[in-house]
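Below is one structure; the comments refer to it alone.
The values are calculated or read from the model by the stated rules, or taken from the named source; none is laboratory data. This is a predicted model, so every value here is computed, not measured. Heads up, the Cβs are rebuilt from the backbone with ideal geometry, glycines too, and the neighbour counts pull from every protein chain shown.
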């Protein structure tokens, strides 16, 4: 009986610790000024890659180095990125994940969130909803709306539906 009580108390303590840690990570909005910010860019196929490269083209050189995640089978995106970036980024760990909707970005963003929950590293997650999403969020957007540090929409109707989002107008 005592063993069961000790085990239950330990499980309860671990659960409370995890819940508090998740709350701290999801609610912390401290922004530390930096000279540069390393970015992990999740590239999807087709239009997603074009949109994310347009967005990257408008960022200053302070957002470097850039690291890319590309599907093994997506040679077109790899070619577009190679022509966009003449020299490849080095292997330093990224401080920010920037993505715009491919389904492959969800596990990467969850992994970045876990780094913060485990206390390894705080990674900023920025999600930019695709320009084609006028009235509703994509499936990736519905998931990452709750997990991202910054959720950017490109239509005022989405800003009204999702007050936590940031509306900057058309950015890609």
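If the condition is being more than 17 Å from the chain's Cα centre (by Cα) and part of a helix (DSSP H, G or I), then the stretch 55-82 contributes 57, 75, 76, 77, 78, 79, 80, 81, 82.
I'm trying to understand the selection: among the residues of the stretch 1-36, which are farther than 21 Å from residue 117 by Cβ and either modelled with pLDDT of 80 or more or in a helix (DSSP H, G or I) (or both)? Answer for the stretch 1-36, where residues must be farther than 21 Å from residue 117 by Cβ and either modelled with pLDDT of 80 or more or in a helix (DSSP H, G or I) (or both): 2, 3, 4, 5, 6, 7, 8, 9. Taking each residue of the stretch 142-169 that is in contact (Cβ under 8 Å) with a residue 60 or more places away in the chain and looking for partners that are buried (at least 17 other Cβ atoms within 10 Å of the Cβ) and in a strand (DSSP E or B) with beta-carbon atoms closer than 7 Å, six or more apart or interchain, yields 147/125; 149/124; 149/125; 149/126. Within the stretch 83-118, being assigned to a helix (DSSP H, G or I), modelled with pLDDT under 80 and surrounded by 13 or more Cβ atoms within 10 Å (Cβ to Cβ) holds for one residue alone: 84. When residue 139 is tested against (1) within 17 Å of the chain's Cα centre (by Cα); (2) more than 20 Å from residue 27 (Cα to Cα); (3) free of Cβ contacts under 8 Å to residues at least 40 places away in the same chain; (4) surrounded by 14 or more Cβ atoms within 10 Å (Cβ to Cβ), exactly one condition is not met: (4).
Quick check on the stretch 49-65: of everything there that is within 14 Å of residue 100 (Cβ to Cβ) and touching a helix residue (DSSP H, G or I) at 6+ places or on another chain (Cβ under 8 Å), which residue is surrounded by the most Cβ atoms within 10 Å (Cβ to Cβ)? So the residue we want is 49. Looking across the stretch 119-146, the residues that are part of a loop (DSSP other than H, G, I, E, B), closer than 24 Å to residue 18 by Cα and either out of contact with any helix residue (DSSP H, G or I) (no Cβ under 6 Å at 6 or more places or on another chain) or at pLDDT 90 or above (or both) come down to 119, 120, 145, 146.
Applying the criterion of being at pLDDT below 80 and within 18 Å of the chain's Cα centre (by Cα) to the residues of the stretch 37-46, the residue that is farthest from residue 107 (Cα to Cα) is 37.
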